[in-house]
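Taking it in order: structure first as structure tokens, then the write-up.
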Amino acid sequence: MKYPLRTAAALAGTGMAAYGIVGLVGSTHTHSLMSAAEWFVGGALTHDLVLAPVVIVLGVLLTRMVPGWVRPYVQAGLFITAALTLVALPFLLGWGYHASNPSALPLNYGRGYGIAVACVWTLIALTAWLRSRLRAK
């Protein structure tokens, strides 16, 4: 076996996917199947109509506007910010909040998200600056 770790990961992923499919198909609720179908179609449409064009436009802008030596840092910052946004989005939109439970989302998630993004980009800028100083020596 040439790539045992890759093979193990592929087998584990295939097993998890099979477990999910068996659980979904074995469900007696038609609502579950419809909900899963909506989720898959919605995910594909969101990817193809929103995410892919945004990534393409950002890539073109990044290539044209950012000097080559700092580009990897900006790419890392964009990747981290995108992951942070993906995790924070439900909280920022208030999903899961019910008036009957005022403690469900008791924090100011917008402020926390802003602080987290500011920290990410501050660290990215600091890392790029330090790297440029080390390169100059």
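The values are calculated or read from the model by the stated rules, or taken from the named source; none is laboratory data. Here the structure is a predicted model, which means the values were calculated and not measured. All Cβ positions, glycine included, derive from the backbone under ideal geometry; neighbour counts span all protein chains shown.
Observations on the model:
- Qualifying residue in the range 81-90 (condition: touching a helix residue (DSSP H, G or I) at 6+ places or on another chain (Cβ under 8 Å), farther than 30 Å from residue 20 by Cα, touching a residue at least 24 places away in the same chain (Cβ under 8 Å) and surrounded by 10 or more Cβ atoms within 10 Å (Cβ to Cβ)): no
- For the range 32-78, the set of residues classified as aromatic (Phe, Trp, Tyr) and surrounded by 11 or more Cβ atoms within 10 Å (Cβ to Cβ) consists of 69, 73, listed by residue number.
- Taken over the range 57-78, residues that are part of a helix (DSSP H, G or I) and either at pLDDT below 90 or touching a helix residue (DSSP H, G or I) at 6+ places or on another chain (Cβ under 8 Å) (or both) amount to 11.
- Complete set of residues in the range 7-55 that are of a type in the set (S, T, N, Q) and under 30 Å from residue 81 (Cα atoms): 14, 35, 46
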